[in-house]
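Scroll down for the structure; my scribbles are underneath it.
The values are calculated or read from the model by the stated rules, or taken from the named source; none is laboratory data. All values derive from a computational prediction rather than experimental measurement. Using ideal geometry, Cβ is built from the backbone for each residue, glycine included, and neighbour counts are taken over all protein chains shown. Note: accessible area is taken over every heavy atom of the protein model, side chains too, but ligands, DNA and RNA are not part of it. Shrake-Rupley method; radii C 1.70, N 1.55, O 1.52, S 1.80 Å.
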Amino acid sequence: MSDAFTLEGVTKRYGQLEALNVPGHKLERGKIHVVIGPNGSGKTSLLRILNLLEPPTTGTLTFCGQPATYQGAGRLALQRRMSMVFQRPVMLHRSVYDNVAYGLKVRRVARSEAAKSVAQAIDMVGLSGMEKQLATTLSGGEAQRVALARAMVLNPEVLLLDEPTASLDPASVVIVENIIKEINRQFDMTIILVTHNLFQARRLADEVLFLWQGQLVETGPAEKFFLKPKDPRTSGFLTGEVVY
Amino acid sequence: MGEGLKQAVALLATGDKDIYEIMFLSLRVSLTAVMIGTLIGVPLAAFLSLCRFPGRRLVENVIFSLMGLPPVLAGLVIYLLISRKGPLGYASLLWTPTAMIMAQVLLVIPIVTGLAIVAIRGKERMLAETALTLGASGPQTALMVVGEARTGIIAGVLTGFGRVFAEVGAVMMVGGNIEHNTRVLTTAIVLETRQGSFDAALALGIILLVLSFIISGLLLNLQRGVGRYV
């Protein structure tokens, strides 16, 4: 089975600034890949390239064995096989139900079928009973859970999460982390999670990717990465000796 | 004022044929103009807000400037277009309700477009990216962004309606206030005032305000239920 993503010589430049440089890396299917690194290290750029929101400046990206395209029907077809949750998800000015159902609506899924999937997704994130509430009135933690349900209901092959717990209280962090673990376990969904939280990375990751000034410095299985980092920059980052 | 109010009620209650004809023509002209202006203005605003191309800012500046277009100037432009020597002179549109609609469309488009741009701007990038990450196509994304900005867009439509329903310069210039043909509430008010029938003019003004109030209420109701899935 092909990998979820294969990156070859991928770079991203914004003017003179090289935001990302990944000479080559494969992201295995069914795993939780956690991307860590200081601010401005290229984590979000990587996620946006993977989600086809913007093309790399150079290099190629392959998604589940298919070359990535960034325009037209080709992009849409690939993008519909993955889903992304932002750090501060935008809630549509509609009910929780309508928010979660949005992705199904644009795929023209029949209402009766959609209703079943939406109910399951809402239940999974623990928001049953709140279907009719206006989503823009939810707390940060609840909105994040709606965003997760909205992404999950589409049953994507890959779920991309950009710091999904950055602005949440500890209780909400635990809830969201449990949901992430559960969907990975239950649906064998590939998850790519960007986080600043090293403890969270340790709790969730199968594989860790460390970005530093746009460079992919080190990758490896979580245990090995945290216990025996190879690169001194990784060690410095993990121990907090490198101040950024 | 009291006499005007009494007369307004009397005109409506007695089923005055002329007044109903003027009312319906006013509504037909202005609502048609607003509908056409909205059909052009909202997609134009979505395009300008979501697409990046050279000269976009200039186009937006022109639209914002035209929001203050004087009605007589709009009337003059349409007059020059449809007068006998104009490029559309062959169609004999001058002094017809169609000409009045054309003039009002010219006034409505910049207002609806400008206010829709303001309503969409600011949150369009996050909304568009949210839609894209959930698998929306380009047109579905644009529809979603427009739907989310509906409160501001409807405010723009209401403003546009208010502007044209109450304007007199443009419709007078190309419609001419012809009885049983192009006479609308505003031109009738001017006529009654010129003739010294202030109570009748006031009565027509009150009817205009009541109609405006009803249409605004109906348009505001449109906000509810847009974009619902269940």
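Some observations on this one:
- Pair list, Cβ < 8 Å and 6+ apart or interchain, from segment B:209-230 residues that are under 24 Å from A:His93 (Cα atoms) to residues that are modelled with pLDDT of 80 or more and aromatic (Phe, Trp, Tyr): B:Ser216/B:Phe161; B:Leu219/B:Phe161; B:Tyr229/A:Tyr97; B:Tyr229/A:Tyr102; B:Val230/A:Tyr97
- Which numbered condition A:Tyr102 misses (of (1) in contact (Cβ under 8 Å) with a residue 40 or more places away in the chain; (2) more than 17 Å from the chain's Cα centre (by Cα); (3) surrounded by fewer than 19 Cβ atoms within 10 Å (Cβ to Cβ)): (3)
- Matching residues in segment B:123-146 - criterion: being over 12 Å from A:Gln79 (Cβ atoms) and open to solvent by less than 10 Å² (accessible area, probe 1.4 Å): B:Leu127, B:Thr130, B:Met144, B:Val145
- Some residue of segment B:12-24 being surrounded by 13 or more Cβ atoms within 10 Å (Cβ to Cβ) and of a type in the set (Asp, Glu): yes
- Index of the failed condition, A:Gly126 passing every other in (1) at pLDDT below 95; (2) more than 10 Å from chain B (Cβ to nearest Cβ); (3) crowded, with 17+ Cβ neighbours inside 10 Å: (3)
- First in segment B:123-137 and at the interface with chain A (Cβ under 7 Å from one of its Cβ atoms) and under 13 Å from B:Ala46 (Cβ atoms), second anywhere and of a type outside the set (Val, Ile, Thr) and assigned to a helix (DSSP H, G or I), Cβ under 6 Å, 6 or more apart: B:Leu127/B:Glu148
- A:Gln71 satisfies every condition listed in (1) over 18 Å from the mean Cα position of the chain (by Cα); (2) of a type outside the set (Phe, Trp, Tyr); (3) at pLDDT 90 or above; (4) open to solvent by 30 Å² or more (accessible area, probe 1.4 Å) except (3).
- When segment B:60-106 is filtered for residues that are open to solvent by less than 40 Å² (accessible area, probe 1.4 Å) and closer than 19 Å to B:Gly41 by Cβ, the ones remaining, listed by number, are B:Glu60, B:Ile63, B:Leu69, B:Pro71, B:Ala74, B:Ile78, B:Met100, B:Ile101, B:Ala103, B:Gln104, B:Val105.
- Test for A:Ile49: is it buried (at least 22 other Cβ atoms within 10 Å of the Cβ) and touching a Pro at 6+ places or on another chain (Cβ under 6 Å): yes
- For the condition open to solvent by 10 Å² or more (accessible area, probe 1.4 Å) and not in a helix (DSSP H, G or I), A:Lys230 qualifies.
- The set of residues in segment B:164-197 being touching a residue at least 24 places away in the same chain (Cβ under 8 Å), open to solvent by less than 60 Å² (accessible area, probe 1.4 Å) and part of a helix (DSSP H, G or I) consists of B:Val164, B:Phe165, B:Gly169, B:Ala170, B:Val171, B:Met172, B:Val174, B:Gly175, B:Leu185, B:Thr186, B:Ala188.
- Near pairs, Cβ below 9 angstrom, 6+ apart or cross-chain, from segment A:120-144 (closer than 15 Å to A:Glu182 by Cβ) to any residue that is aromatic (Phe, Trp, Tyr): A:Ile122/A:Tyr97
- Close pairs from segment B:43-70: first in contact (Cβ under 8 Å) with a residue 24 or more places away in the chain, partner assigned to a loop (DSSP other than H, G, I, E, B), Cβ under 8 Å, at least 6 apart: B:Ser49/B:Arg121
- Any chance B:Ile207 is away from chain A (no Cβ under 14 Å), open to solvent by less than 30 Å² (accessible area, probe 1.4 Å) and among the hydrophobic types (A, V, I, L, M, F, W, C): yes
- For segment B:147-157, a residue qualifies if it is in a helix (DSSP H, G or I) and either open to solvent by 30 Å² or more (accessible area, probe 1.4 Å) or within 11 Å of chain A (Cβ to nearest Cβ) (or both), and the qualifying residues are B:Gly147, B:Glu148, B:Arg150, B:Thr151, B:Ala155.
- Of the residues making up segment B:107-122, those that are open to solvent by 10 Å² or more (accessible area, probe 1.4 Å) and within 14 Å of chain A (Cβ to nearest Cβ) number 2.
- Test: residue in segment A:12-24 that is open to solvent by 40 Å² or more (accessible area, probe 1.4 Å), within 14 Å of chain B (Cβ to nearest Cβ), farther than 30 Å from A:Gln200 by Cα and assigned to a loop (DSSP other than H, G, I, E, B): no
- Selection of strands (runs of 3 or more DSSP E) fully inside segment A:27-98 by the criterion of at least 1 residues being touching a helix residue (DSSP H, G or I) at 6+ places or on another chain (Cβ under 6 Å) and within 12 Å of chain B (Cβ to nearest Cβ) returns A:82-85.
- Test: A:Arg81 is of a type outside the set (Gly, Ala, Ser), surrounded by fewer than 20 Cβ atoms within 10 Å (Cβ to Cβ), touching a residue at least 12 places away in the same chain (Cβ under 8 Å) and closer than 30 Å to B:Thr151 by Cα: no
- Subset of segment A:162-213 [polar (S, T, N, Q) and under 16 Å from A:Phe225 (Cα atoms)]: A:Thr195, A:Asn197, A:Gln200
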